[in-house]
Amino acid sequence: MTTVRAGTRYDELIEPERVHGSLYTDPGIFADELERIWYRSWVYVGHVSEIARPNDYVRKSIGPQDVIMTRDSDGRVHLLMNRCAHRGNLVCEDQRGNSSSFRCPYHGWTYRNTGELLGYPFNRGYGGSGKLDLGLAPVPRVGTHQGFVFASLAPEGPSLAEHLGAAADEIDRLVRLSPEGEVEVTAGWLKHRTRANWKLLAENETDGYHPQFVHGSIFSVADSGIGALYSDKSAAVTRAFGGGHSENDLRPEFRRLGQPMGWFGTSESKVPDYVSRMREVYGERAEEILVEGSPHVMIFPNLFIAEVSIFVLQPLAVDETVQHVTAVQLRGAPDINRRMLQQSVGSVGPAGLLLADDTEMYERNQRGLAQGRPEWLDLRRGVHREGVDERGFAVGTATDETAMRGFWSHYRNVMEGAA
Amino acid sequence: MDGIISNEFAEVACRVDLEANSPRLRLEDLSSGRVRYLDAVELQAVVWLPEGHLRQLLDPSADRWRDDPDEHR
């Protein structure tokens with residue numbers, strides 16, 4: 001394993017068309033990433049629908065850091081570090097619950113779900129009640145977009161809107177698939193532990209080159225048309241939004257098909273209630289929405305919306321990442337929600353075939369990278385045919401590595417302190 | 001009607017008790033076995049407790065874990 005030198009020069013490890021293998025294997029670089037990316041920039045944490053009622057809470061994460069997302073009795077959302085202000089014990093153990101207060105099991109220190117210290121047992125030892133200016137540490141900045149909650153551990157920096165940039169439009173595109181304009185993240189989470197560096201996962205999410213190889217078996221068994229979307233004949237494009245965000249924009253193919261619900265691998269006759277509700281709510285716009293479907297977007301560094309599933313990447317070590325996965329649920333659309341859940345479980349559930357294929361590749365990739373030679377990973381696919389779209393974003397064909405180049409360009413800026 | 005209200009911090013069994021001359025709510029703290037009955041008027045008072053008062057009761061030193069349990073704060 002190559003080890004990072006003091007004062008790593010990221011410009012020596014990241015070039016426009018190749019990156020150095022140590023970026024995936026060096027614990028020093030991983031520690032550097034935690035400080036410069038995960039504990040500084042905006043990171044996706046959770047969705048407001050996971051704490052729908054007053055005093056609901058869920059345990060979430062910012063990289064390896066454990067946080068509690070709460071809704072107080074007035075309906076406000078809080079993110080609190082899951083650590084008692086007394087001796088540093090973990091305060092919440094359950095993944096979710098409903099409580100107006102949290103009581104540390106070690107010495108009974110009790111906090112409001114806003115983080116405020118309510119009290120502690122035998123308070124004479126502190127001179128009485130209310131004598132300590134302590135509480136659960138709040139996450140410095142919390143922002144939401146369409147109910148998606150993001151956090152930054154840095155008190156200052158770019159706004160969430162600046163961070164998301166054009167990727168925010170893709171979240172909007174997901175949300176408009178609901179006749180009520182809201183996504184619900186209520187299907188429950190699966191956790192897949194992967195012995196691989198988080199960046200291998202992030203890069204793979206919008207890599208259109210691998211599906212025909214890695215997922216060939218499931219495509220053939222399921223007689224799926226997905227593979228054809230990621231071929232040289234496909235009109236779909238890979239787009240880098242800047243900020244490390246990217247997408248596989250499959251809309252050109254879906255528009256060519258012109259079939260409502262084609263993006264979902266079905267026809268409108270299978271989800272009649274949903275389609276009629278959408279037409280009722282959106283009028284003429286419904287056709288465009290029903291044809292174009294859901295986004296396939298990777299939002300740097302850890303939120304991946306894959307049409308019917310939502311993935312959250314959680315790095316734990318240089319070679320260990322947890323993928324949290326759930327099915328998209330659209331508010332006010334029970335018939336399509338049932339099918340979305342089935343599709344999501346079938347592809348990324350415990351016995352699902354897509355994620356199992358990908359995870360095999362992630363772990364093989366990490367094991368392969370342990371070999372020191374050749375030192376570099378190649379990123380040049382499609383450089384010669386890359387273009388710029390009307391919004392100024394780099395676009396490649398469905399199978400080009402445009403998204404990876406965008407990811408690494410942003411990564412380098414962040415790691416060099418320029419972003 | 002029996003039920004258990006629980007989260008990771010506390011576990012309380014609840015039952016509508018019909019043994020007395022009018023119904024009461026029987027609450028049992030399952031971590032200590034301590035039981036309390038609340039009549040209709042007491043329950044109404046709980047419903048009307050301002051948030052701030054309820055919050056004071058949640059202070060561990062308020063009524064339970066005290067060096068001087070008999071002394072009013």
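The values are calculated or read from the model by the stated rules, or taken from the named source; none is laboratory data. Just so it is clear, the model here is predicted, and its values are computed rather than measured. We place every Cβ from the backbone using ideal geometry, glycine too, and count neighbours over all the protein chains shown.
Look through the range A:221-236, keep the residues that are modelled with pLDDT under 80 and in a loop (DSSP other than H, G, I, E, B), and return whichever of them is farthest from A:HIS296 (Cα to Cα). My answer is A:ASP223. The test for being among the β-branched types (Val, Ile, Thr) and touching a helix residue (DSSP H, G or I) at 6+ places or on another chain (Cβ under 6 Å) holds for A:THR110.
Results for (1) surrounded by fewer than 21 Cβ atoms within 10 Å (Cβ to Cβ); (2) aliphatic (A, V, I, L, M); (3) in a loop (DSSP other than H, G, I, E, B), shown as yes or no for each residue.
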{"site": "A:VAL297", "(1), (2), (3)": "no, yes, no"}
{"site": "A:GLN314", "(1), (2), (3)": "no, no, no"}
{"site": "A:ASP335", "(1), (2), (3)": "yes, no, no"}
{"site": "A:ARG339", "(1), (2), (3)": "yes, no, no"}
{"site": "A:PRO350", "(1), (2), (3)": "yes, no, yes"}
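If the condition is being among the acidic types (Asp, Glu) and either assigned to a strand (DSSP E or B) or in contact with a Gly (Cβ under 8 Å, 6 or more places away or on another chain) (or both), then the range A:23-45 contributes no residue at all. Just give me the residues in the range A:250-283 being touching a Pro at 6+ places or on another chain (Cβ under 8 Å) and buried (at least 22 other Cβ atoms within 10 Å of the Cβ), in sequence order. Listed by number, the residues that qualify are A:TYR274, A:MET278. Of everything in the range A:23-68, what is among the polar types (S, T, N, Q) and at negative phi? Give them in sequence order. Within the range A:23-68, A:THR25, A:SER41, A:SER49, A:SER61, A:GLN65 qualify.
Suppose the filter is of a type in the set (Lys, Arg) and part of a loop (DSSP other than H, G, I, E, B); does A:LYS191 pass it? Walk me through it before giving the result.
Numbers: of a type in the set (Lys, Arg): yes; part of a loop (DSSP other than H, G, I, E, B): no.
No, not satisfied.
Checking each residue of the range B:38-52 against the condition of being under 16 Å from the mean Cα position of the chain (by Cα), within 11 Å of chain A (Cβ to nearest Cβ) and assigned to a loop (DSSP other than H, G, I, E, B) gives no match. Check whether at least one residue in the range A:209-220 is within 30 Å of A:VAL275 (Cβ to Cβ), at pLDDT 95 or above and buried (at least 17 other Cβ atoms within 10 Å of the Cβ), and report yes or no. Within the range A:209-220, none of the residues are within 30 Å of A:VAL275 (Cβ to Cβ), at pLDDT 95 or above and buried (at least 17 other Cβ atoms within 10 Å of the Cβ).
For the range B:10-37, taking the residues that are among the hydrophobic types (A, V, I, L, M, F, W, C) and under 27 Å from A:TRP109 (Cα atoms), the one that is nearest to the other protein chains (Cβ to nearest Cβ) is identified as B:ALA10.
The single residue among A:PHE241, A:PHE264 that is assigned by TED's automatic domain parsing to the domain that holds A:TYR362, aromatic (Phe, Trp, Tyr) and within 30 Å of A:SER41 (Cβ to Cβ) turns out to be A:PHE241.
Report yes if some residue within the range A:51-69 is surrounded by 22 or more Cβ atoms within 10 Å (Cβ to Cβ) and basic (Lys, Arg); otherwise report no. Looking through the range A:51-69, at least one residue is surrounded by 22 or more Cβ atoms within 10 Å (Cβ to Cβ) and basic (Lys, Arg).
The single residue among A:LEU90, A:LEU174, A:LEU132, A:LEU153 that is outside the structural domain of A:GLU307 (by TED's automatic domain parsing) and crowded, with 16+ Cβ neighbours inside 10 Å turns out to be A:LEU153.
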